[in-house]
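Heads up, the thing below is written out as structure tokens.
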Amino acid sequence: MGRRIAALAALLGAALLLWSTLPVGAQTGATLVSNLGQTIRAYGQNHRDNIQAFTTGGHADGYTLTSVSLTFNVQDADANRLLGYEVEIWRTDAEGAPSSRVATLLKPSALVNGTNTFNAPGSGVYLVARTTYAVYWNVTRRDAGLNNDVVRLAETSNLAETGASGWSIANTNIQQPWNAAVGSGWTRFLNVSFLLSISGREGGAPVVATAPRPDPANLARSDVQWGPDGGVHPIPTRRSEISLNRPKDASGQIDLSPIAASVPAERQRHSRGFYVTTLVESPHNQPHLLRRLDYDRAPGSPLLKVRIWHVYYHADRGTNTVELLGDIFVGRSADRLTAPVEICLSPPREADPERIGLAVKGRLDPSWTILATTVEGGLVCAETTRVAWLTLVEARDEAA
């Protein structure tokens, strides 16, 4: 798995050279706002999510954020193995709490004691002028035995920060328990902020994109939308999990981190991001899909239709355009993925995960393909350049 992930990372890096004039991790930019030179007042504990608001300056064309630097106290090297986290950029509401996610920043290979830099995906993250955003330290997993102080965010009293005209860092830090729903109960700490620096450049306003709509009522949308770097999306695998057009308690995921490699070079600079739709079907509703499947379907395993949509600005037409990736769409074989994504599903109850395989079939495929499947953290996972219909199958018993 490690070699496979390394190969994907290399392919993604090559694709992003086309996406931007600078590769990810090598973007440059001026300091837009910073308080890194100030005295560390205390450290926040990693068992809480932390929100630090900041406000952009007044440049008419807005700004492009290229990186955020944060200061940490890392007390144990195991923190990078035991702690799951994301550093995200959010829009805020009138109270300064996060209201909608703008982007997830790229993480360094490991957190170090001191200043750590989180680069923006693609060619950067566009920020509107005179608008309040937030850097969100989002703890996503804490393995058993992890103490509260293994990774601590540096805080400062936030005296007069430096940077571009009109930019500022809020002198309030907002926190909530790490596993609470966003906005379920923030605690505000006055006269304190992250020790951070935000880099970027003036300008870079994108063409306003319109999400494809309306969605059919039987589609569930991923909670993560429009991130040009992809990311891990939750997907449902039971019909009961589809509620109000969103997955609930999703029991699977699709890792779209390498998805940018599948976008044709001529459309990369106009890319608006990716959109995931899923459809869960009972086998009796789609009997024709299983006729060419050699193995028995695993008991309790549904049929899952995954579609990955790429949204880009069509310069000649002056409109946003949607194309389907990972399957043949309107007869165009070029819509297949050029870099494999990883799909993970929960095995059925009482099934032996080691005997389960993930099978995939495109609309125009004559038969199913049973993928090389591994078990990771209790999930059955496989990598594929094809999506569309998926199901889980059990290996046949070998003759004695």
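In the assembled protein chains, Asp93 presents an accessible area of approximately 70 Å² (probe radius 1.4 Å).
Could you tell me the calculated FRET efficiency between His284 and Thr321, based on Cβ-Cβ distance and R0 = 30 angstrom, to the nearest 0.05?
Numbers: r = 36 Å, r/R0 = 1.21.
Plugging the Cβ-Cβ distance into 1/(1 + (r/R0)^6) gives 0.25.
Extending 7 Å from Cα along the Cβ direction at Ala42 and again at Asp78 yields two label points whose distance is 2.7 nm.
Spin-label model, Thr131 to Thr162: label points 7 Å out along the Cα-to-beta-carbon direction sit 2.8 nm apart.
Using only the heavy atoms of the protein chains and a 1.4 Å probe, how would Ser199, Ser367 rank by accessible area, largest first? Please report the intermediate quantities before stating the final value.
Values: Ser199 20, Ser367 50 Å².
So the residues, ranked largest to smallest area, are Ser367, Ser199.
Shown is the FRET efficiency for Thr369 and Arg349, computed with R0 = 22 Å from the Cβ-Cβ distance and rounded to the nearest 0.05: 0.30. Ligands, DNA and RNA excluded, the heavy atoms of Leu159 present near 120 Å² of accessible surface to a 1.4 Å solvent probe.
In what order, largest first, do Ser123, Ser301 sit by accessible area if the probe radius is 1.4 Å? Write out the running numbers ahead of the final one.
Numbers: Ser123 50, Ser301 5 Å².
So the residues, ranked largest to smallest area, are Ser123, Ser301.
Ordering Ser251, Ser346 by accessible surface, largest first, gives Ser346, Ser251; the 1.4 Å probe counts only protein heavy atoms, with every chain in place. With the whole protein complex present, Val74 retains an accessible surface near 30 Å², based on a 1.4 Å probe. Using a simple spin-label model with pseudo-atoms 7 Å out from Cα toward Cβ, Ala60 and Thr187 lie 4.7 nm apart.
The values are calculated or read from the model by the stated rules, or taken from the named source; none is laboratory data. Fair warning: this is a prediction, and the values are worked out from it, not measured in the lab. A quick note on method: Cβ atoms are made from the backbone with ideal geometry, for glycine too, and the neighbour counts reach across all protein chains shown. Surface areas here come from the heavy atoms of the whole protein model, side chains and all, with no ligands, DNA or RNA. Shrake-Rupley method; radii C 1.70, N 1.55, O 1.52, S 1.80 Å.
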